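For reference, the structure is listed below as structure tokens.
The values are calculated or read from the model by the stated rules, or taken from the named source; none is laboratory data. Note that the structure is a prediction, hence the values are computed from the model and not measured. Heads up, the Cβs are rebuilt from the backbone with ideal geometry, glycines too, and the neighbour counts pull from every protein chain shown.
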Amino acid sequence: MDGSITITEGKITVINPPPGGRYPTIEPLHNLTVLVNGEPVTKAVIVAAEDDIRIETHSQEPYLEMSVEISDDRLSAFMVVNRCFGREFRVRDCPSCLQARVGTVTAAEIPPRKISPREVMQLLKERGIASVSEQAVSRICEYNIEGEQKVLIARGRPATPSQNAVIEYTFLEKTAAGSPPENPFQKPQDLSVEVGQVLAVKTEAVEGAGGVDLFGEPIEPEPPQDVQILAGDGVRLLKNNTVAVASHAGRPVLDGRRQKVLKVIPVYTVPGDVDVNLGNISFKGDIVVWGDVLEGFSLKAGRDIIVHGNVIQAVLYAGGNMNLFKNVISSELNAGGAAIVLNRLLPHLKKVFSLIYGLLQAVQVLKKHHSFKLNDLQRGEGRLFQLLIDTKFKMLPKLIEEIFEIINSSKVSLSAEHMRDLEYLQKLTGINPSRINNGQEVLNILKTVEGILQKMQEDNNFTEPSHITAGYVQNSVINATGDITITGRGVIISKLSAGGNININKINAVVRGGRLSAAGVTNVKELGSNADVICIVEINEGSVLKAQVVHPAVTVKSSSGKYQFNRLSRSVKAYIKPDGKLEIEKLNAD
Amino acid sequence: MLEIETSKGESVICLKLSGELEISTVEQLRMCVERLCLCVERLPDGLTEVHLDFFGIEFVDSTGIGTLINVMKDLREQDIKVMVTRIPKEIYEVFDLLSIPELMGEDSFECLS
């Protein structure tokens, strides 16, 4: 039989075991100290009835902590109070056992001291916080529960935000109200305005009201942003420039890519055909033809051209969009004005710039070379420039020649400023380089080219792309700075060039021969034919060809090579990979 | 100053050039090649190649290089193969800066290593 240990109301009784039995042990837990014969113990120890065993209980002091938290916008202050109650313990009773683990139970809880309103106010004052809520102070002082208490104690006054000026274009609401037309370029017939009609109303900006933060510092609202109605041709501003009205009848437009200028475009309407009775038309606004444009006639519009009938053996130029509802046969369409030429010239000019830069560098290197004599350059450096242009830079005169070929073949004329600047390039063709006196002359040409490039890119940035939509196209040439969309049966043996996308993907739409080139996506339902008609799609970096069906003999061309289909294919996608190589994805259809 | 020494083999004529090929000396080279062309008409059909030995050339200028290109073109027009041989490295560097070997054919230029 073993010995035992019993604890009752803090009194410890140990009974020794009879011979052969085990002695009891005692082990202290928390909040107390066990002393055996005057020595404190920390783990289980064997005790006997003869030992002097005492237990001393500990106690915990109450704890109180106060702090102030300020929000990032300096408009809200919170008082955070952490309360922890103090505690007194007594020894827990332990029935007779061999191994006694001595613990405690809480005998009494002692709350922390009360917080006085003065104390709270003092803390806030130290932080410089004004406008304190008295109600919140009372809540803090009356509260006495253990744990964290977070109370909004003070609040600043936020600023009232300013209201920006707003322009409401009343004619835009007119189009937005109806369901969108199936053809995105089709304009509703009633989109025209009469003289005096209000086109835009400006709501003036309203300044916001100031506020005050927790510390009494003023908060200024963001100043409101003002906008101006930019009035172009056909628009007059009234009421201190807050109302825009039409000064002549026409079609209202918001012109420009970044800054929108409000204009009213005059509209020239032809109720029937453009034929011998009417002759060619050149008009600075829109041209609307309700009949056909017949053989040999041309339309030149500063803005949009809309033809409700057919275009047959005619030439059309539009500074804006072109919407041709029926067929285009043996005709030439150009949408985008001078931007078409600029788009073709830009890559050439960039190469010319880079070559002239290289030319100047090569001259510098040669002049410094110790085996190269400069005796023959005393009367001018022309010989050296001529030699370099005849040898290493022989591409330069060729590119310049191509630039002028593009300009001369284009029926849209460039600005006089562009033409004057481009003429300088002739100094680098033929035997003209031999007449160059020094590098400064060539540097001036380089700067001129840089200026032309800058101006052309700015012009392109500020000009919105012009789109062409036609029902059906046959044996024609189409150039657009924006998208070309064919809404009907498709395209037969025609040349299409788009600065945006080419869409020929309506049900049963086909492309039977010709050449397609788009800076964006060329989206075609069916490409090529069973007959051996030449059909070429040009792909550049960033452009993609997507075709549902491609017939054999269709060719995809890129600067890195070409691919000719040799069997019927479906779900075709062609593009330039990041390494510059042409990639063709397709499924065989036969 | 430019010195030109001519030596004739069975099918090859070699013009050994030394000095400077530049504005004041190019006429010498041109005359020499013109004489050569006149001779060619009297020589048997066996002559098919002219070597321009550049080993002794120390300097060139743009007129000199322009003349060299013209001389090579003239000879080729008469179906005579032209080789510019033993070009000093420094002179070849100048040719290379002007892309002359690329333009006239890399095989026609032999640089001294």
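Values computed for the structure shown
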| read-out | value |
| --- | --- |
| Pairs where the first residue, in the stretch A:435-457, is small (Gly, Ala, Ser) and the second is modelled with pLDDT of 90 or more and not in a helix (DSSP H, G or I), C-beta under 9 Å, 6+ apart | A:Gly439/A:Glu381 |
| Residue in the stretch A:226-240 that is at pLDDT 90 or above, part of a strand (DSSP E or B) and charged (D, E, K, R) present | yes |
| Residue satisfying all of: in the stretch A:253-278; charged (D, E, K, R) and touching a residue at least 24 places away in the same chain (Cβ under 8 Å); nearest to A:Glu194 (Cα to Cα) among these | A:Lys263 |
| Within the stretch A:1-35, considering residues that are of a type in the set (S, T, N, Q) and assigned to a loop (DSSP other than H, G, I, E, B), the one nearest to A:Ala108 (Cα to Cα) | A:Asn31 |
| A:Leu214 out of contact with any Asp or Glu (no Cβ under 8 Å at 6 or more places or on another chain), without any contact (Cβ under 8 Å) to a residue 24 or more places away in the chain, among the aliphatic types (A, V, I, L, M) and more than 22 Å from A:Val166 (Cα to Cα) | no |
| Which listed residue is within 30 Å of A:Arg258 (Cβ to Cβ), of a type in the set (Val, Ile, Thr) and buried (at least 23 other Cβ atoms within 10 Å of the Cβ), from A:Thr448, A:Thr481, A:Thr463 | A:Thr481 |
| Residue under evaluation A:Gly514, criteria (1) under 20 Å from A:Asn323 (Cβ atoms); (2) surrounded by 20 or more Cβ atoms within 10 Å (Cβ to Cβ), criterion not met | (1) |
| Criterion: farther than 24 Å from A:Asn475 by Cβ and surrounded by 14 or more Cβ atoms within 10 Å (Cβ to Cβ) - qualifying residue of A:Ser497, A:Ser529, A:Ser558 | A:Ser558 |
| Residue match in the stretch B:80-88 (condition: closer than 22 Å to A:Glu381 by Cβ and either within 14 Å of chain A (Cβ to nearest Cβ) or at pLDDT 95 or above (or both)) | no |
| Filter result for the condition that a residue is surrounded by fewer than 16 Cβ atoms within 10 Å (Cβ to Cβ) and either touching a Cys at 6+ places or on another chain (Cβ under 7 Å) or in contact (Cβ under 8 Å) with a residue 60 or more places away in the chain (or both), over B:Lys89, B:Lys8 | B:Lys89 |
| Criterion: assigned by TED's automatic domain parsing to the domain that holds A:Asn501, within 18 Å of A:Asn503 (Cβ to Cβ) and more than 34 Å from the chain's Cα centre (by Cα) - qualifying residue of A:Val550, A:Val537 | A:Val550 |
| Residue in the stretch A:247-256 that is surrounded by fewer than 19 Cβ atoms within 10 Å (Cβ to Cβ) and at pLDDT 90 or above present | no |
| Search result, residues across the stretch A:382-411 that are under 44 Å from the mean Cα position of the chain (by Cα) and facing another protein chain (nearest Cβ under 9 Å) | A:Lys392, A:Phe393, A:Lys394 |
| Leading residue by the ranking (farthest from A:Ile265 (Cα to Cα)) among those in the stretch A:189-212 that are part of a loop (DSSP other than H, G, I, E, B) and at pLDDT 90 or above | A:Gly210 |
| Near pairs, Cβ below 6 angstrom, 6+ apart or cross-chain, from the stretch A:85-101 (farther than 8 Å from A:Ile5 by Cα) to any residue that is assigned to a loop (DSSP other than H, G, I, E, B) and not acidic (Asp, Glu) | A:Phe85/A:Pro62; A:Phe85/A:Pro111; A:Gly86/A:Pro62; A:Phe89/A:Asn31; A:Val91/A:Gly10; A:Arg92/A:Gly103; A:Arg101/A:Leu29 |
| Single condition B:Leu2 does not satisfy, out of (1) within 13 Å of chain A (Cβ to nearest Cβ); (2) closer than 30 Å to A:Met395 by Cβ; (3) crowded, with 18+ Cβ neighbours inside 10 Å; (4) among the hydrophobic types (A, V, I, L, M, F, W, C) | (2) |
| Matching entry among B:Asp74, B:Asp61 (being modelled with pLDDT of 85 or more and more than 14 Å from chain A (Cβ to nearest Cβ)) | B:Asp74 |
| Single residue of the stretch A:255-311 satisfying the filter (within 20 Å of A:Ala339 (Cα to Cα) and of a type in the set (Asp, Glu)) that is farthest from the chain's Cα centre (by Cα) | A:Asp286 |
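Per-residue answers, yes or no, for (1) of a type in the set (S, T, N, Q); (2) outside any strand (DSSP E or B); (3) within 17 Å of A:Ile312 (Cβ to Cβ):
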residue	(1), (2), (3)
A:Asn479	yes, no, no
A:Thr485	yes, no, no
A:Arg489	no, no, yes
A:Ile492	no, no, yes
A:Ser497	yes, no, no
A:Asn508	yes, yes, no
